[in-house]
Amino acid sequence: MNERIHVPTAAELLAKGEKADILFWVGCAGSFDERAQKITKAFVKILHNVGLNYAILGTEESCTGDPAKRAGNEFLFQMQAMANIATLNAYEITKIVTTCPHCFNTIKNEYPSLGGKYEVIHHTQLLQELIDEGKLTFGADPFKGKKITYHDSCYLGRANGIYDAPRRILEAMDAELVEMKRCRKNGLCCGAGGAQMFKDAEKGNKEINIERTEEAIETGASIISANCPFCTTMIGDGIKHANKEGAVEVLDLAELVARAKDL
Amino acid sequence: MQYLSQLIFVIVLVVAIYFFINKIKTIRRNIFFGRDQELFDNKTQRWKNMLRVALGQSKMVVRPVAGFFHIVIYVGFVLINIEVLEILIDGVFGTHRVLSFLGPIYNLAIGFFEILAALVFLACIIFLTRRFITRIPRFHSAEMKGWATADATYILIIEMILMAALLKMNAVDQLLQSRSADHYVVAGSFPISQYLTVLFTGFDTSILVIFERVFWWFHILGILFFLNYVPYSKHLHIFLAFPNTWYARLKPAGEFDNMPEITNEVNLMLDPSKADPTMPPPEKFGVNDVTDLNWTSILGAYSCTECGRCTSSCPANITGKKLSPRKIMMDTRDRAEELGKAKDKNGKEFHDGKSLHDYISQEELLACTTCNACVEACPININPLEIIYQMRQYQTLEKSAMPNEWALMNSNIENNQAPWQFSPSDRANWTKEI
């Protein structure tokens, strides 16, 4: 598909007197990080493909404040949150989808008491809904028999109890889901959460992402699926460390769906 | 003689209960060093959690071997204590097996208790084996050296001794019953202790009476000693698991509370109409000492039985970092005890000038990925993450003590609206490449 996609912003729609049904909160990683941009693009292609009426904030979007908060800087977090809430409320946003479980968790759980009350869903939940509603369909067995493992991110899994939506997407694509030993509630962190992404790890005898990647490789899966741009980066680095590039891919569920649909 | 024994029994009982209540009062005071919290929302859910997690042991069985044998000890402990009720009545009134008038029900109960006692004994052996022979790693982390391991061992051994005393008491009792000794009514069934009678058949009845009395006294004194040992020990979880699961957080694990005092400050800056100008500026941000913690965190510390499931599932600990969530809870309890003792000595208003940061280092706090694995792993819903996180807030907000990379990240968020140094105007550049 070579058709150029125009991604509408909330401001642009407002100027036309229109309003999106759902706001896609892209997040900092999805906006700037080269690896995560691929997830963003894959997700937008899916949104476009199913014809959802969505918008982004564009340059009006700002960091949710999650990493500042987890690093203990509550002041900076609340400054960010209040500014974002002002923007979101100005556009009368009611529903938000994010491709980042950290943005998802923060906006869903930590914005309401500061005045930002929205229906917030993670992109894997949206994809699952679209599949259930028959709006997102796949051709004949896109991943039939392909061994895929799934890494539960902490902020989608334990933090918010979402374990099934991502797995149901894999099922819908006919993949053979092979679970890691530590999965669901017992899933092991990739090492990036709590603002660890932005600093060196403390002294230890192993990097957390290596520990997790080894476990994923042990499943024998050729694809490690994830739901978080930071996990994707961390496990991607783990794969490089294990010299398994080419043999094992690390892909977000949005990327898998886009690939299955040849978008 | 009979009255003397009753008198001694009553005195011992009263003294034991007095000391127990006194210690519990001190612990209650120490728990309320923490900050007040409104936690009476959603009572139905709270009762459900307590019934499911504490009474129902739902999280214990996640690890099936330990879970199974723990349930054996737990059920044994609760049910065998019904028999203690009889022992108390007998002790005070000089009766013997006062509940035996219940007939077949009594016999069934005694038989059932014997089987439980044997199972508890077996479970203790298995737990000692896991701890010292198969050496499960989580029982041998750095924080387990010394008192922590001694405490665990004492508890298992005391439980074994108590069970052995109960069974031997019954063994002698049934011999006395069979010899129609005065005072020893024919009552009970003894599926286990019948095999122990061989140890005592060679003795005269008068000696057997002494044996029976010794085991009886040993059993009840042991229980009263144990009652007073528990509040000094990690074993306090047998009581505190219940309130701890009742008061545990109900919000999504990922939600970290917003600090209202900061909301007010931010409102004063951004939108003064929303701010409360009468709210005094906050004295302190985050947690320096146990007095800054939520009181439920200190309750958690006293409830912790140091099983180490949190530590064994912590990604930082697994990869050799210094952080151990179990140590966070142990340190919190130790610090609350230390502050409590200092106040006992020097008065209520006294503060010894020490803090929780004297126990927990910045390196430990910085290793946490806030992944909630420790919170999920805890069989009684203790939350080490809340303490780690609030101590981190103190380091960041009060001391500006943070890694340089975090300082840079913060300034990027402030100036570039992203944790990296990108220009905010480039934020939507990706849309041009699609």
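The values are calculated or read from the model by the stated rules, or taken from the named source; none is laboratory data. Everything numeric here is computed off the predicted structure, so don't read it as measured data. In this analysis, Cβ positions are derived from the backbone assuming ideal geometry, glycine residues included, and neighbour counts consider all displayed protein chains.
How many residues, within segment B:400-432, are more than 7 Å from chain A (Cβ to nearest Cβ) and charged (D, E, K, R)?
Applying the first criterion (more than 7 Å from chain A (Cβ to nearest Cβ)) to segment B:400-432 yields B:400-401, B:404, B:407-408, B:411-412, B:415-416, B:421, B:423, B:426, B:429, B:432.
In the following step, the residues that additionally are charged (D, E, K, R) were identified as B:426, B:432.
Residues in segment B:400-432 being more than 7 Å from chain A (Cβ to nearest Cβ) and charged (D, E, K, R): 2 in total.
Results for (1) of a type in the set (A, V, I, L, M, F, W, C); (2) farther than 25 Å from A:Met79 by Cα, shown as yes or no for each residue.
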| site | (1), (2) |
| --- | --- |
| A:Leu13 | yes, yes |
| A:Leu23 | yes, no |
| A:Gly30 | no, no |
| A:Glu34 | no, yes |
| A:Ala42 | yes, yes |
| A:Leu47 | yes, yes |
| A:Val50 | yes, yes |
| A:Leu57 | yes, no |
| A:Glu61 | no, no |
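Let's see how each residue does on (1) buried (at least 20 other Cβ atoms within 10 Å of the Cβ); (2) of a type in the set (Val, Ile, Thr); (3) more than 16 Å from A:Ile223 (Cα to Cα):
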{"site": "A:Tyr150", "(1), (2), (3)": "yes, no, no"}
{"site": "A:Tyr155", "(1), (2), (3)": "yes, no, yes"}
{"site": "A:Asn160", "(1), (2), (3)": "yes, no, yes"}
{"site": "A:Leu170", "(1), (2), (3)": "yes, no, no"}
{"site": "A:Met173", "(1), (2), (3)": "yes, no, no"}
{"site": "A:Glu176", "(1), (2), (3)": "no, no, no"}
{"site": "A:Lys185", "(1), (2), (3)": "no, no, yes"}
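Could you give me the residue pairs with C-beta distances under 7 Å whose first residue belongs to segment B:351-375 and is assigned by TED's automatic domain parsing to the domain that holds B:Glu255 and under 30 Å from B:Val62 (Cα atoms), whose second residue is acidic (Asp, Glu) and assigned to a loop (DSSP other than H, G, I, E, B) wherever it lies, and which are 6+ apart or on separate chains?
Within 7 Å, the pairs are B:Leu366/A:Glu202; B:Ala367/A:Glu202.
With the requirement that a residue be over 23 Å from the mean Cα position of the chain (by Cα) and either surrounded by 15 or more Cβ atoms within 10 Å (Cβ to Cβ) or in contact (Cβ under 8 Å) with a residue 40 or more places away in the chain (or both), what does segment A:2-33 give you?
Those that are over 23 Å from the mean Cα position of the chain (by Cα) and either surrounded by 15 or more Cβ atoms within 10 Å (Cβ to Cβ) or in contact (Cβ under 8 Å) with a residue 40 or more places away in the chain (or both): A:Ala11, A:Glu12, A:Leu13, A:Leu14, A:Lys19.
Can you pull out every residue in segment B:323-349 that is at pLDDT 95 or above, more than 17 Å from B:Lys23 (Cβ to Cβ) and in contact with a helix residue (DSSP H, G or I) (Cβ under 9 Å, 6 or more places away or on another chain)?
Once the filter is applied, which keeps residues that are at pLDDT 95 or above, more than 17 Å from B:Lys23 (Cβ to Cβ) and in contact with a helix residue (DSSP H, G or I) (Cβ under 9 Å, 6 or more places away or on another chain), segment B:323-349 yields B:Leu323, B:Ser324, B:Pro325, B:Arg326, B:Lys327, B:Ile328, B:Met329, B:Met330, B:Asp331, B:Thr332, B:Arg335.
Give all pairs with beta carbons closer than 7 Å in which a residue from segment A:161-176 that is within 14 Å of chain B (Cβ to nearest Cβ) meets a residue that is surrounded by 15 or more Cβ atoms within 10 Å (Cβ to Cβ) and assigned to a loop (DSSP other than H, G, I, E, B); count only pairs at least 6 apart in sequence or on separate chains.
A:Ile162/A:Leu156; A:Tyr163/A:Asp152; A:Tyr163/A:Gly157
Which of the residues that make up segment A:101-133 are among the charged types (D, E, K, R) and in contact with a Lys or Arg (Cβ under 6 Å, 6 or more places away or on another chain)?
Within segment A:101-133, just A:Glu119 meets the criteria.
Only one of (1) in contact with a Pro (Cβ under 9 Å, 6 or more places away or on another chain); (2) closer than 21 Å to A:Ile39 by Cβ fails for B:Asn429. Which number is that?
Evaluating B:Asn429 over (1) in contact with a Pro (Cβ under 9 Å, 6 or more places away or on another chain); (2) closer than 21 Å to A:Ile39 by Cβ leaves (1) as the failure.
B:Ile105 - would you say it is part of a helix (DSSP H, G or I), free of Cβ contacts under 8 Å to residues at least 24 places away in the same chain and within 28 Å of B:His183 (Cα to Cα)?
So B:Ile105 fits the description; yes.
Which one of B:Gly67, B:Gly146, B:Gly111 is of a type in the set (Gly, Ala, Ser) and touching a residue at least 40 places away in the same chain (Cβ under 8 Å)?
B:Gly111
For segment B:340-434, list the helices (runs of 4 or more DSSP H) that sit wholly inside it and hold at least 2 residues that are closer than 25 Å to B:Cys310 by Cβ and touching a Leu at 6+ places or on another chain (Cβ under 7 Å); which are they?
Working: elements: B:362-366, B:373-377, B:384-397, B:404-416.
Of the helices (runs of 4 or more DSSP H) lying wholly inside segment B:340-434, those with at least 2 residues that are closer than 25 Å to B:Cys310 by Cβ and touching a Leu at 6+ places or on another chain (Cβ under 7 Å) span B:373-377, B:384-397.
Can we say A:Ala36 is crowded, with 19+ Cβ neighbours inside 10 Å and modelled with pLDDT of 95 or more?
Numbers: crowded, with 19+ Cβ neighbours inside 10 Å: yes; modelled with pLDDT of 95 or more: yes.
For A:Ala36, the condition - crowded, with 19+ Cβ neighbours inside 10 Å and modelled with pLDDT of 95 or more - is met.
For B:Lys343, work out the one condition from (1) free of Cβ contacts under 8 Å to residues at least 40 places away in the same chain; (2) more than 24 Å from the chain's Cα centre (by Cα); (3) more than 9 Å from chain A (Cβ to nearest Cβ) it doesn't fulfil.
Of everything listed in (1) free of Cβ contacts under 8 Å to residues at least 40 places away in the same chain; (2) more than 24 Å from the chain's Cα centre (by Cα); (3) more than 9 Å from chain A (Cβ to nearest Cβ), B:Lys343 misses just condition (2).
For segment B:78-92, check the following and say yes or no: at least one residue is more than 21 Å from the chain's Cα centre (by Cα) and at positive phi.
Checked segment B:78-92: no residue is more than 21 Å from the chain's Cα centre (by Cα) and at positive phi.
Among the residues of segment B:41-58, is any touching a helix residue (DSSP H, G or I) at 6+ places or on another chain (Cβ under 8 Å), outside any helix (DSSP H, G or I), at pLDDT 90 or above and within 30 Å of A:Asn186 (Cβ to Cβ)?
Yes, that holds for at least one residue.
List every residue pair whose Cβ atoms sit under 8 Å apart, with the two residues 6 or more apart in sequence or on different chains, where the first one lies in segment B:285-298 and is within 14 Å of chain A (Cβ to nearest Cβ) and the second, anywhere, is part of a loop (DSSP other than H, G, I, E, B) and aliphatic (A, V, I, L, M).
B:Phe285/B:Met259; B:Val287/B:Leu293
Give the residue that is farthest from the other protein chains (Cβ to nearest Cβ), with candidates limited to residues of segment A:105-146 that are at pLDDT below 95 and in contact with a strand residue (DSSP E or B) (Cβ under 9 Å, 6 or more places away or on another chain).
A:Gly145
Assess whether B:Ser313 counts as being within 8 Å of chain A (Cβ to nearest Cβ) and either among the small types (Gly, Ala, Ser) or touching a Ser or Thr at 6+ places or on another chain (Cβ under 6 Å) (or both).
It is true that B:Ser313 is within 8 Å of chain A (Cβ to nearest Cβ) and either among the small types (Gly, Ala, Ser) or touching a Ser or Thr at 6+ places or on another chain (Cβ under 6 Å) (or both).
Just to be sure I understand, how many residues within segment B:262-284 are assigned to a loop (DSSP other than H, G, I, E, B) and at the interface with chain A (Cβ under 8 Å from one of its Cβ atoms)?
Residues of segment B:262-284 assigned to a loop (DSSP other than H, G, I, E, B): B:271, B:275-284.
After this cut, where a residue has to be at the interface with chain A (Cβ under 8 Å from one of its Cβ atoms) as well, the list is B:271.
Qualifying residue count, segment B:262-284: 1.
From B:Val65, B:Val10, grab the single residue that is within 29 Å of the chain's Cα centre (by Cα) and in a helix (DSSP H, G or I).
That would be B:Val65, the only listed residue that is within 29 Å of the chain's Cα centre (by Cα) and in a helix (DSSP H, G or I).
Any residue at all in segment A:200-211 that's surrounded by 24 or more Cβ atoms within 10 Å (Cβ to Cβ), without any contact (Cβ under 8 Å) to a residue 60 or more places away in the chain, more than 10 Å from every other protein chain (Cβ to nearest Cβ) and outside any loop (DSSP other than H, G, I, E, B)?
Looking for residues that are surrounded by 24 or more Cβ atoms within 10 Å (Cβ to Cβ), without any contact (Cβ under 8 Å) to a residue 60 or more places away in the chain, more than 10 Å from every other protein chain (Cβ to nearest Cβ) and outside any loop (DSSP other than H, G, I, E, B), one finds none in segment A:200-211, hence no.
For segment B:180-200, how many residues meet the condition of being assigned to a loop (DSSP other than H, G, I, E, B) and at pLDDT 90 or above?
Count: 5.
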